[in-house]
Each structure stands twice: as structure tokens, then as C-alpha cells.
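The values are calculated or read from the model by the stated rules, or taken from the named source; none is laboratory data. Quantities reported herein were computed from a predicted structural model and do not represent experimental measurements. With ideal geometry, Cβ positions are generated from the backbone for all residues, glycine too; neighbour counts draw on all protein chains shown. When the accessible area is computed, the model is the full protein with side chains, heavy atoms only, and any ligands, DNA or RNA have been set aside. Shrake-Rupley method; radii C 1.70, N 1.55, O 1.52, S 1.80 Å.
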Amino acid sequence: MLSQEDIGRFRAGDSDAVRLVYREYGRLVYAVARNLLGSPQLAEEATQQTFLKAWRSAATVEPGRDLAPWLATIARRTAIDIHRQESRETAGNLEDVPVAHPAIVQEATAIERTYDVWQVRQALDELPADERAVVQLQHLEGLTQTAVAERLNLPVGTVKSRAHRAHKKLAARLGHLREGFD
Amino acid sequence: MAPHSGRHSADDGATDEARAQYLTGDADVTLDAADQAELDELRALLADPTLWAEPPAELEDSVVGLIAAEAATLRTGDNAEAPQADPPFIVTTDPGPLTAVNDDGTPVDLAAARERRVARETSGGGRRAGRRRWVRPGILVAAAAAVVAVALTAVLLLRDTSTPQRRFDVALSATELAPGAAGDATMIKTDSGWEIHLQATGLPRLDNGQFYQAWLRNGDGVLVPIGSFNEGTDVNLWAGVSPETFSTFTITKEAADGNQDSSGQRVMSGPAVEQR
């Protein structure tokens, strides 16, 4: 958690403080941008713009307030702006799009998903590296626990206990997802 | 993920246990439909590669450099344009409309600031208007020559402005490999390519087969070498690619070992920002 002094230095453009804020939230901002935009290049651009916009408006942050929800909102808006810019050349007239088109009617769901991505990524980053690796192989690569054990050159029992510990932490940490940010 | 009553208490620890088993893939565990739907969404998220994506390492330097460059530009702008008597302000662009606020968060009175500036300009103009002019016949020839010189200068200036030079500035940030380094670079478009002047301090001299290599990188990670040097002060470099697309300037430590690829030992980097 950043101190108020850090945030004050961030606001003043202090490079060290900017680096601290980036190290605290950079991965989360990037994950949100990447989830919304897909492209690594656009996600990088969105991340840069998010931090620049955050720095420009840092004076509006209430003292003592967590930067996370504020940054997540800026990241989401920035990614959507970039997506609109990118799609402007190929998109047709908005009036040609059906009223029930998912891109138009699923705004609220998309906001919740942004917060879900942020919080799930944060929970994963908080896991110890060995537990995180097991979760990644199981879910991202779809490996069985036996296959994970072979990949990591570990006994199956070790993989099972790490997987159980990790998933229990995730279940507890993410049990309140729908309540959103504080 | 369905609505949930909140963070689990010690009483529903068993629920966390069951939820963990479901997440692990235990088919025998029984959950209510809402829990199951929520965990299915969580599993879908965990299987999404974008959730696991790591930002490139150099993005941190790019973000830091971008903000440092913006801060430097604002400071320069303040010195050049903002009257000393006017309160400092920060322009906020997001979220919400463009506004100007004082350091304490109160809105800047732009009308009053404008009036103060107009008043200063008016009083300055008055001093100029009141200045007495006394021209002796003996200096008329010199005055005529001066008029010609001014006219020629104006013609040359107009010709220059018809083809404005594009310029990018780079505020370089040091990495952990060169913690004491600092510097900047200017990149000017010429007919031959982009002429780059680098001024870096805090980089220890490298020689005896070791040297610094400067690069421009585009969004796809393609690196273009733009020159090598031993010391970072007053270095002239040239690039045949535009900083508009190859917008990240980096400096690496290299060895003359026959390998033309980057060593990956970045000592400084920063984004190229166009000056208008």
C-alpha cells in the first residue's frame, strides 16, 4: 500500500514515486487493458495513457483513498477510448447496429468484468510463486494435476497440496467479488 | 459471478473448503447453483490468457519517462508562459471535463488571471509607446541597411517555417543497471534521416571491447540500432526510422563479441515525445 507521501510525490511527478505507483498497480492496469483490448501493443499504449492521465489528475484523489478503484476506472475508460479509435476506421454507422447488439447493451456487465479482472489478477499476484504456477498450469493450460506434476518435476501429492492451498486462498479472497471495490 | 454475502466468516470456512475443491476440479463437491455459477465464471477468467499476461519489462521505464517528460514540459511551459503572480495549476483531463485547479483543489479563476495578464501587457505597451525616438540624419544609412537586413531575415525565416522541422524529445530514465544515470535526447528530422543528440550523465565510460549501444524500438519490439559510444556526453547519433513509430529510445551495454543482437542489458530508456 502506498503512503500519502508517495502519492504526493507521484502527484509532483517524482520519477521514483511514479515507479512505485507503477510497480503497485502496473500489472493490474495492464491486465485490465489487455483483457479489454486483446492486443499487447494496444494494452501497452493504454497502460501508458492510464498512468499519464492518473498523474495529470492525481490532485483530485482524496487523501487516504485507495488508488485501485480510481486507476481501474481510468484504465477501463482509456482502453475503451483506444478501442474506439482503433475500430473507427473499420466500424460502420452506429445506426446500422441492432439495438440489442451485445456491444451496446452489456455496459454494466463489462464494468463488473473489469473489476473482476483487476481483483482476480491481484489475488493471483498475492499467491506464492509455487502455488501460482500450479494454478496457472491447471487453468491456463488445462493440465491435470498429474500432468502439472510431470511438468514441474514434482510428486503428485505436492502438486495436490499446493493446488488446494492456492484455490482455498482464491476462494476466500474472491468470495466478495460482486461487492466491487470499497 | 453471483452476488455474495461478503467475506466469509469462520463459520462458513467449510464453504471456502468446498469452493476450493470445486475450483481444483473436484467433481464430487456439491454447491448451490449461485456459488457454482460464480466459480464457473472465476474458472473461465482463470483460463483467459489475457488475465495472466505480463507487461513487458520496459513498459515501466516508458511510463516513468513519459510522465517525467510531461512534467518537464509543464515546468518549461510554466516558466515561459505562466505569470509569477498567478497561482500554479494542474490541468486535469480524466475523469470529467477539462478543468484547471489550484494546488488546494479550488478552481482557478481563469477570467481574473486573463485580466491580470492583459493589464501587464497593456502597461508594458504603454511604456513602449511613451518612449521618445530621436533619429539623426547621419544614421539613416545604417537604418536603411538594418531594414534590408531585417527584411532578408524575415524572408529566410518565412522560408524556414514553410518546411517546419519535426522534433522529438526523449527524457531518459535510468534502470537498475545504471542507478545514477540521467539524460535526455533530441531528435530532429533532416533530409538524411533523424539527427539525434544525446546528453547523458552518470554512465561510466566503457571501452576495451565494451560500449554503449543506442536503439529505437517500435510497438512490436523491433529494435533498430542508431549508434554506439563510450561516454554519454554530447553524443551524436543518426536514425533511419521515425521516432513516431519507433518511439522508445533505449541504451544497452554491449560487448564486441560478434553478436549484433541486443544484450538486453538496458541502462536507460524513455519514450520519444513529439514537440509541436
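Name the residues in the range A:1-53 that are among the hydroxyl-bearing types (Ser, Thr, Tyr) and either in contact (Cβ under 8 Å) with a residue 12 or more places away in the chain or assigned to a loop (DSSP other than H, G, I, E, B) (or both), would you?
Within the range A:1-53, the first condition is being among the hydroxyl-bearing types (Ser, Thr, Tyr), and the residues that meet it are A:3, A:15, A:22, A:25, A:30, A:39, A:47, A:50.
Scanning the range A:1-53 gives A:Ser3, A:Tyr22, A:Tyr25, A:Tyr30, A:Ser39, A:Thr47, A:Thr50.
Among the listed residues B:Val29, B:Val63, which satisfies the condition of being touching a helix residue (DSSP H, G or I) at 6+ places or on another chain (Cβ under 6 Å), at pLDDT 55 or above, in a helix (DSSP H, G or I) and open to solvent by less than 40 Å² (accessible area, probe 1.4 Å)? Walk me through it before giving the result.
Values: B:Val29 fails: in a helix (DSSP H, G or I).
Going through B:Val29, B:Val63 in turn, the sole match is B:Val63.
Tell me yes or no: at least one residue of the range A:158-171 is under 30 Å from A:Leu67 (Cα atoms), out of contact with any strand residue (DSSP E or B) (no Cβ under 9 Å at 6 or more places or on another chain) and modelled with pLDDT under 90. If you could, list the steps in order and put the result at the bottom.
Initially, the range A:158-171 is screened for residues under 30 Å from A:Leu67 (Cα atoms), giving A:165-171.
Now drop any that are not out of contact with any strand residue (DSSP E or B) (no Cβ under 9 Å at 6 or more places or on another chain), which leaves A:165-171.
Among the residues that remain, those that are also modelled with pLDDT under 90 are: A:171.
Checked against the condition, which is being under 30 Å from A:Leu67 (Cα atoms), out of contact with any strand residue (DSSP E or B) (no Cβ under 9 Å at 6 or more places or on another chain) and modelled with pLDDT under 90, the range A:158-171 yields at least one hit.
Considering only the range B:193-227, state which residues are touching a strand residue (DSSP E or B) at 6+ places or on another chain (Cβ under 7 Å) and closer than 17 Å to B:Glu274 by Cβ. Walk me through how you get there before you give the answer.
From the range B:193-227, those touching a strand residue (DSSP E or B) at 6+ places or on another chain (Cβ under 7 Å) are B:193-203, B:206, B:209-217, B:223-227; that's our starting set.
The answer is B:Gly193, B:Trp194, B:Glu195, B:Ile196, B:His197, B:Leu216, B:Arg217.
For the range A:17-34, give me the residue count where each residue is open to solvent by 70 Å² or more (accessible area, probe 1.4 Å) and within 9 Å of another protein chain (Cβ to nearest Cβ).
2
So which residues in the range B:247-276 are assigned to a strand (DSSP E or B), of a type in the set (Asp, Glu) and either outside the structural domain of B:Leu198 (by TED's automatic domain parsing) or open to solvent by 40 Å² or more (accessible area, probe 1.4 Å) (or both), if there are any at all?
Filtering the range B:247-276 down to residues assigned to a strand (DSSP E or B) leaves B:248-255, B:266-275.
Adding the requirement that they be of a type in the set (Asp, Glu) leaves B:254, B:274.
Correct list: B:Glu274 only.
Here are some residues: A:Gln48, A:Gln41. Which one is open to solvent by 50 Å² or more (accessible area, probe 1.4 Å) and on the phi < 0 side of the Ramachandran plot?
Residue meeting the stated conditions: A:Gln41.
Out of the residues in the range B:217-229 meeting the condition of being within 16 Å of A:Gln41 (Cα to Cα) and in a strand (DSSP E or B), tell me which one is most open to solvent (accessible area, probe 1.4 Å).
B:Leu223
Looking only at residues in the range A:51-85 that are open to solvent by 50 Å² or more (accessible area, probe 1.4 Å) and of a type in the set (Lys, Arg), which one is nearest to A:Tyr115 (Cα to Cα)?
Initially, the range A:51-85 is screened for residues open to solvent by 50 Å² or more (accessible area, probe 1.4 Å), giving A:56, A:60, A:62-66, A:77, A:81, A:83-85.
Cutting the leftovers down to of a type in the set (Lys, Arg) gives us A:56, A:65, A:77, A:84.
Numbers: A:Arg56: 23, A:Arg65: 17, A:Arg77: 13, A:Arg84: 21 Å.
My answer is A:Arg77.
Restricting attention to the range B:19-51, which residues are of a type in the set (A, V, I, L, M, F, W, C) and within 19 Å of A:Thr144 (Cα to Cα)?
Start the filter on the range B:19-51 by keeping residues that are of a type in the set (A, V, I, L, M, F, W, C), which leaves B:20, B:23, B:27, B:29, B:31, B:33-34, B:37, B:39, B:42, B:44-47, B:51.
Those that are of a type in the set (A, V, I, L, M, F, W, C) and within 19 Å of A:Thr144 (Cα to Cα): B:Ala20, B:Leu23, B:Ala27, B:Val29, B:Leu39, B:Leu42, B:Ala44, B:Leu45, B:Leu46, B:Ala47.
In this structure, does B:Ala53 turn out to be facing another protein chain (nearest Cβ under 7 Å), modelled with pLDDT of 50 or more, within 25 Å of A:Pro63 (Cα to Cα) and open to solvent by less than 30 Å² (accessible area, probe 1.4 Å)? Give the steps one after another, and end with the answer.
Details: facing another protein chain (nearest Cβ under 7 Å): yes; modelled with pLDDT of 50 or more: yes; within 25 Å of A:Pro63 (Cα to Cα): no; open to solvent by less than 30 Å² (accessible area, probe 1.4 Å): yes.
No; evaluated as a whole, the condition is false for this residue.
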